[in-house]
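Below: one structure, written as structure tokens.
The values are calculated or read from the model by the stated rules, or taken from the named source; none is laboratory data. Here the structure is a predicted model, which means the values were calculated and not measured. Protein only, heavy atoms only, side chains kept; ligands, DNA and RNA dropped before computing areas. Shrake-Rupley method; radii C 1.70, N 1.55, O 1.52, S 1.80 Å.
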Amino acid sequence: DALMVPILIAVGAYGFARQTTPQYRSSAGLLLNQTQTENLLNPTAAESIDPTRFLADQIRLIGSAQMTALVAKRLHFTATISASTNGNDDVITLTAVSTSPRRAAEIVNAYAATYIQFSQSTTVSQNAAAETALQTVIETTENQLAQLNQTAPPGSRTTTPSGQASQNATQQADL
């Protein structure tokens, strides 16, 4: 009788294990780099960016309804993942779980690709806005310089960056 109890427990555990569906995990790491666009007009901005907060914001973005919808559009089904970081580096680990190893890999790869595409698109938009802002600063500075040159005595006048380029070209042609 005493021998039957361990045997029954082992048979029961084996039967339970056979009935549970296997779960497969697939993971991908995303190395994140903060964009430097905000530093163009505000050099002190780099000092105020908290890396831990940046990673937390990116994890929230990855788990957002917007990202889930973009991934569902790519996969043609809705899927969720977990996103985490160990806090010591700039890597976010994405993990998908599925009853199929292929589907788990497909899900995690779709989230990674969608996040990268979204981030690149955002960076391009930020760069375009920064370029516009910088162009405005350049034009304002050139206009101020032109006004100063009109009131400055001859011989003390300066040139604008674009005027400097044409003046240099003229000087080289004279050589």
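Once phi is turned into ³J(HN,Hα) by the Karplus curve 6.51 cos²θ - 1.76 cosθ + 1.60 with θ = phi - 60°, what whole-Hz value does each residue of region 8-15 show in order, with x for glycine and proline?
5, 5, 5, 5, x, 5, 5, x
Taking θ as phi - 60°, what are the ³J(HN,Hα) couplings along region 71-77 by the Karplus curve (6.51, -1.76, 1.60), each to the nearest whole Hz, with x for Gly and Pro?
Once rounded to whole Hz, the list reads 5, 4, 5, 6, 8, 6, 7.
Using a/c under 1.5 as the rounded threshold, could you call region 66-127 rounded, prolate or oblate? The axes a ≥ b ≥ c are square roots of the C-alpha gyration tensor eigenvalues, and prolate needs a/b larger than b/c, oblate otherwise.
Taking the square roots of the gyration eigenvalues as a ≥ b ≥ c, region 66-127 is oblate.
Tell me, how many Å apart are the Cα centres for region 79-114 and for region 128-152?
Here the two parts' Cα centres lie 47 Å apart.
Per-residue HN-Hα couplings for region 80-89, Karplus 6.51 cos²θ - 1.76 cosθ + 1.60 at θ = phi - 60°, whole Hz, x for Gly and Pro?
Per-residue couplings from phi come out as 10, 9, 10, 10, 8, 9, 8, x, 9, 8 Hz.
Using a 1.4 angstrom probe on the protein heavy atoms only, could you order T151, T21 from most to least accessible area? It would help to have the intermediate numbers written out before the result.
Values: T151 110, T21 85 Å².
Solvent-accessible surface, decreasing: T151, T21.
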